[in-house]
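The values are calculated or read from the model by the stated rules, or taken from the named source; none is laboratory data. Please read these numbers as outputs of a predicted model, since none were measured by experiment. Here the Cβ positions follow ideal geometry from the backbone for every residue, glycine too, while neighbour counts run over all protein chains shown. Accessible surface areas use protein heavy atoms only, side chains included; no ligands, DNA or RNA. Shrake-Rupley method; radii C 1.70, N 1.55, O 1.52, S 1.80 Å.
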Amino acid sequence: MRIAVVVTADGRNPGWLPAALRSVDDQYPRPAERCLVVDAPDGAAAPDPPGGWTGRRGRWGDPAAARNEGMAATRAPWVVFWDGDNVMPAGFLAAVTEAVKQAGPDVGIVYSDIEYVDENLGNAFLWRVPDCDYWGLREDNCVDTASAWRREALELCGGWPCGFGAFEDYALALELTRRGWRARRRDGPPIVMRQHDGRRTQARTRDGGRLADLWQARTLAIVSLLAGRASTYERWEKFLATAELPRHASLYVVDNSGDAAFTRRVHQTAEELGGARLLDHVSISVQPQRFAGNEHEPFAADRHRHVAALYAGLLPRVGEDLVFTLEDDVEPPPDAIRRLAEHIGRHPSGSCAAVAGAYDFADGKLCAGRAGGGWGSPVYWHEVSDEPIDVGCVGGGCTLWANWALSGQPVPFRWNEGLGWDGSLCHALRRRGYGIRVHGGVRCTHHVHGVLRTA
């Protein structure tokens with residue numbers, strides 16, 4: 001199986017590059033193609049490639065663009081992208097070649113364990129990466145740049161995505177697997193990654209660093225249930241028109257109004273938003289059997305059961321990485337989704353499955369309950385700061401959910417425990433070991449039955 005190796009260097013640490021190139025030359029079998037791409041800033045030296053190497057140089061200022069240049073300069077069906085400050089261990093390419101030979105036609109990425117070597121402290125740490133399925137990869141990245149990438153899959157995805165900082169490898173892995181390709185772990189020699197002052201990936205940590213880049217790499221579904229409330233509709237439209245969104249976002253609406261004129265308005269809004277916001281997908285489900293009871297009784301079991309049934313029919317059909325539930329009487333700030341997304345996923349305290357914006361419930365209480373107490377043990381405004389805190393349950397009015405946690409989890413309804421669909425879902429996720437948080441810095445306005453409630 002022919003494999004190309006593309007080595008990229010930025011000219012900032014030229015002393016490491018000769019060792020990196022020699023380590024590639026020492027591999028057996030040798031790569032079918034070897035390409036050196038130097039992304040040299042103004043005034044930086046751009047070394048000539050050794051014999052047997054193809055050379056490219058430019059001033060892209062983005063390693064993703066440099067890798068795309070190297071991909072264009074090679075033709076082998078598989079490509080390994082290697083950073084110029086790392087050394088390829090003996091036997092690495094032989095192990096990759098064998099794994100690629102055994103890979104099925106649907107495998108787009110073959111990834112490896114990673115050994116981090118700290119040049120300053122003189123120690124090393126071996127990360128044995130897990131075997132990640134589709135949702136496992138979305139919960140925690142295990143794919144490094146130096147994985148083996150199938151050219152066909154790369155080209156169909158448009159190559160390396162630019163603008164993701166240290167997370168461009170994760171963004172690419174998510175894009176490939178979103179299009180149906182699988183990522184497969186291999187055994188054998190690990191990637192050896194030097195950690196030293198000035199290394200670009202020093203800014204990234206597996207437990208949360210630079211999540212401002214990471215949220216843009218994930219896909220988003222905005223989910224709203226509309227009951228025909230005209231008084232708050234324009235605010236709902238305004239948020240969707242101005243909200244900060246990742247590059248791949250979709251809208252799912254359940255129209256439960258039972259009103260033909262309102263339904264036409266929803267369709268017009270969705271069409272306009274889809275074009276203006278470049279949404280990947282817009283889905284409108286019309287469910288005309290609206291709740292027939294007292295809509296102004298917030299604790300009516302039948303009302304909450306009706307809402308739970310609507311979510312239960314929709315959420316299993318949503319396939320995006322993140323799910324943002326937005327109720328039409330909650331008005332979040334435009335940066336709500338981004339700020340919530342920065343705190344979802346893997347953290348030192350555990351994996352977070354849901355982060356909610358803070359909005360008023362009544363009498364100085366947030367729409368959130370403490371662990372173990374549910375809504376009967378409320379969280380008060382004076383207890384929250386501008387950062388997320390761990391809670392037992394949150395309302396679904398402005399909440400970002402991790403779909404790797406929702407996947408395979410039916411929407412429960414435990415009204416006997418005093419919980420609606422959102423509280424019941426939070427408790428189910430916590431029983432599976434996930435965390436639930438409310439973000440006091442994402443403050444929303446709650447328009448309830450014509451009454452404006454803010455913090």
Peptides 263-275, 351-363, 389-401 ordered by average Cβ neighbours within 10 Å, highest first: 389-401, 351-363, 263-275
Bins of 10 Å, starting at 0 and running to the largest distance - Cα pair percent for the chain: 4, 19, 27, 20, 15, 10, 4, 0, 0
Accessible surface, segment 358-453, averaged per residue in Å² (probe 1.4 Å): 39 Å²
Residue-averaged 222 nm ellipticity for the chain, from DSSP H runs of 4+ at -39500 (n - 2.57), nearest 500: -7500 deg cm²/dmol
Relative contact order [Cα under 8 Å, 6+ residues apart], the chain, whole percent: 12 percent
Shape of segment 339-423, Cα gyration tensor, a/c cut at 1.5: oblate
Segment 327-419 - percent of accessible surface contributed by carbon and sulfur, probe 1.4 Å: 46 percent
Segment ARG431-GLN268, length gained on full extension (0.36 nm per residue, minus Cα span): 54.6 nm
Average accessible area per residue (Å²) across segment 1-87 - probe 1.4 Å, nucleic acids and ligands excluded: 45 Å²
Solvent exposure, largest accessible area first (probe 1.4 Å, DNA, RNA and ligands not counted), of ILE284, ILE436: ILE284, ILE436
Check: segment 1-140 dipole with +1 on Lys, Arg Cβ and -1 on Asp, Glu Cβ, in debye: 620 debye
Segment ARG128-MET1, length gained on full extension (0.36 nm per residue, minus Cα span): 43.2 nm
Cα-projected label distance for TYR380 with LYS365, points at 7 Å along beta-carbon direction, nm: 1.2 nm
Modelled FRET efficiency - R0 51 Å, ARG414 with ARG22, Cβ distances, 0.05 increments: 0.20
Highest to lowest packing among 167-174, 380-387, 68-75, scored as the average C-beta count within 10 Å: 167-174, 68-75, 380-387
ALA94/TRP135 FRET efficiency (R0 30 Å; Cβ-Cβ; nearest 0.05): 0.40
